[in-house]
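Read-outs throughout are calculated quantities, based only on the coordinates presented, and are distinct from any laboratory measurement. On a predicted model such as this, the values are computed, not experimentally measured, just so you know. Here the Cβ is made from the backbone with ideal geometry for all residues, glycine too, and neighbour counts use every protein chain on show.
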Amino acid sequence: MTRNIFIVFFFIVSLLNILAIFFSINHLFVLTKPLIVLMLIAHYVTHAQTRSKTFLVALIFCLMGDVMLMFTDKNELFFMGGLMAFLVGHILYIITYRQHQQAGMGEELLSTQKIRFALPVVLAGTGLITVLYSSLGDLQIPVLIYAVVLMVMVITALNRYGKTTVVSYWQVLLGAILFMISDSLLAINKFLHPFYAASLAVMITYMTAQYFIVKGILSHQHLR
């Protein structure tokens with residue numbers, strides 16, 4: 001129990017964050033949102049056999065993004081700041097995924113398979129950007145860059161097949177896909193059409209994404 005105390009705290013603050021959104025308790029939301037990634041950082045630090053500085057910095061940038069996105073109603077510059085923080089986070093995730101893989105652990109994907117499996121990711125990402133583009137205003141270029149990096153992040157996770165353990169592969173891939181879904185829901189709600197329970201959907205997919213990415217990186221270290 002003591003060894004997993006931070007992951008227990010992660011689930012507690014995640015539940016409290018969901019309740020804060022559901023019951024519109026803003027103070028509780030502001031208190032719990034930064035703690036979500038912070039608890040995952042603490043869990044990673046206490047469980048990693050060899051700590052990846054790249055991964056830690058990626059998580060820190062995600063934490064910064066979380067904080068800045070809480071204040072977008074006060075100033076839109078906070079949204080740009082959050083976008084840039086998560087952009088850096090995704091770039092560092094891409095590097096982390098490449099660091100946490102090695103040849104010879106299984107049958108790797110062929111070049112044709114990589115293209116075929118990456119195609120749905122590219123179609124989903126470019127399709128959403130096409131729909132949103134006219135509504136983005138001054139954020140067209142930043143959002144376009146962010147979307148490309150996000151797709152590359154998911155494809156990099158996809159290409160780890162055969163280069164890591166089965167558990168690590170599917171955890172990281174699921175986390176990456178959920179991250180893309182979360183960001184897509186956020187973009188649709190902000191730029192295209194607000195929808196019911198958007199904040200709830202965005203946070204649930206986001207929290208789950210970060211959880212699986214952290215567990216997946218740890219699984220690569222522990223099981224290789």
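A DSSP coil position with no more than 14 other Cβ atoms inside 10 Å describes the following trypsin sites (Lys or Arg not before Pro) in segment 26-114: ARG51, LYS74.
Rounding to the nearest 20 debye, state how big the charge dipole of the chain is about its Cα centre with +1 on each Lys and Arg Cβ and -1 on each Asp and Glu Cβ. It would help to have the intermediate numbers written out before the result.
Numbers: 13 positive and 7 negative charges, 126 e Å.
It works out to roughly 600 debye.
Taking all Cα pairs closer than 8 Å and separated by 6 or more residues, the relative contact order of the chain comes to 21 percent.
Rounded to the nearest 500 deg cm²/dmol, what is the calculated helix-only ellipticity per residue at 222 nm for the chain, with -39500 (n - 2.57) per DSSP H run of length n ≥ 4?
Numbers: 8 runs with 169 residues, N = 224.
Helix-only estimate at 222 nm: -26000 deg cm²/dmol.
Label separation (LEU15 vs THR112): 5.0 nm, computed from points 7 Å beyond Cα along the C-beta direction.
Converting phi to 3J(HN,Hα) with the Karplus coefficients 6.51, -1.76 and 1.60 and the offset θ = phi - 60°, segment 87-101 yields 4, 4, x, 5, 4, 5, 4, 4, 5, 4, 4, 5, 6, 9, 7 Hz in sequence order, with x at every glycine or proline.
Non-local lysine pairs in the chain, meaning eight or more places apart or on different chains, with alpha-carbon distances under 26 Å, amount to 10. Note on the chain: dipole from Cβ charges, positive end direction compared against THR126, TYR206, PHE22; the farthest Cα belongs to TYR206. Measuring between their Cα centroids, segment 1-77 and segment 108-176 lie 23 Å from each other.
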